[in-house]
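To keep things clear, I will list the structure first and then write my remarks on it.
The values are calculated or read from the model by the stated rules, or taken from the named source; none is laboratory data. All values derive from a computational prediction rather than experimental measurement. No Cβ is skipped: glycine too gets one built from the backbone with ideal geometry, and neighbour counts run over all protein chains shown. Please note that ligands, DNA and RNA were not included when accessible areas were found on the heavy atoms of the full protein model with its side chains. Shrake-Rupley method; radii C 1.70, N 1.55, O 1.52, S 1.80 Å.
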Amino acid sequence: MSTEPPPGSGQQPPDDDPFRKQPPQGPGAGSPYDTPYGGQGGQHPPYGPGGYPADPLAGMPPLANSVKRTIARIIDMILVAIVVWLVTWAFGVAEYEMDSDRIDTGKSIAQSVIVAVLYVAYDTVLTAKWGQTLGKRWMGMRVANLDNGATPSWQTSLIRALVLWIPFAFCCACIWTAIAGGWSYFDRPYKQGLDDKAAKTVVVSTS
């Protein structure tokens, strides 16, 4: 039987989901997401010192190293770029075909559409099914919902992929990749990229 969380937004993963956050140990530990409001005894979720909600990462594996995330992203880009090249070659679509008088932008747009579709599909399908692309699997990390640690739903995975790959495909590939991915180097406390922030996810270590 599959242990993947059911698709859709806002649904809680099953209790036997291996990626769901484990109950935190010790007094004061826990996350405001671990126990829903109105739970047993009508009590509120656990809170940390000063009355603020405790760390949502409690019970999850440690956050993935940003350098490893960058390497995983490069691996994924290379893998999909090979497929993009094969598809564009098969359909006779080049990014630019120039002569002395004109630039054929129609084929450039067609290639951008192919790039967007393939990168978004690759990232969405693998993240929703297994929580990790091939690059992330080889680098020992996965994507997790910030609120419960489970594998992201199809909707969440799609949002994450769109934020990452649409600007990459249509306007500013190198700049956007550096900004979106590099954000995790400076973001605190969750080391999220811009795609993580949009989808409310984090990347955690599996090794």
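Observations, loosely collected:
- Whenever a residue of the stretch 156-170 is in contact (Cβ under 8 Å) with a residue 60 or more places away in the chain, its partners that are surrounded by fewer than 19 Cβ atoms within 10 Å (Cβ to Cβ) and not in a helix (DSSP H, G or I), lying with C-beta atoms within less than 8 angstrom and at least six residues away or across chains, give the pairs Thr156/Ser9; Thr156/Lys200.
- Checked against the criterion of being open to solvent by 70 Å² or more (accessible area, probe 1.4 Å) and either not in a loop (DSSP other than H, G, I, E, B) or not aliphatic (A, V, I, L, M) (or both), the candidates Tyr185, Tyr190 yield just one match: Tyr185.
- Evaluated against (1) within 27 Å of Ile109 (Cα to Cα); (2) out of contact with any Leu (no Cβ under 9 Å at 6 or more places or on another chain), Ile179 falls short on exactly one condition, (2).
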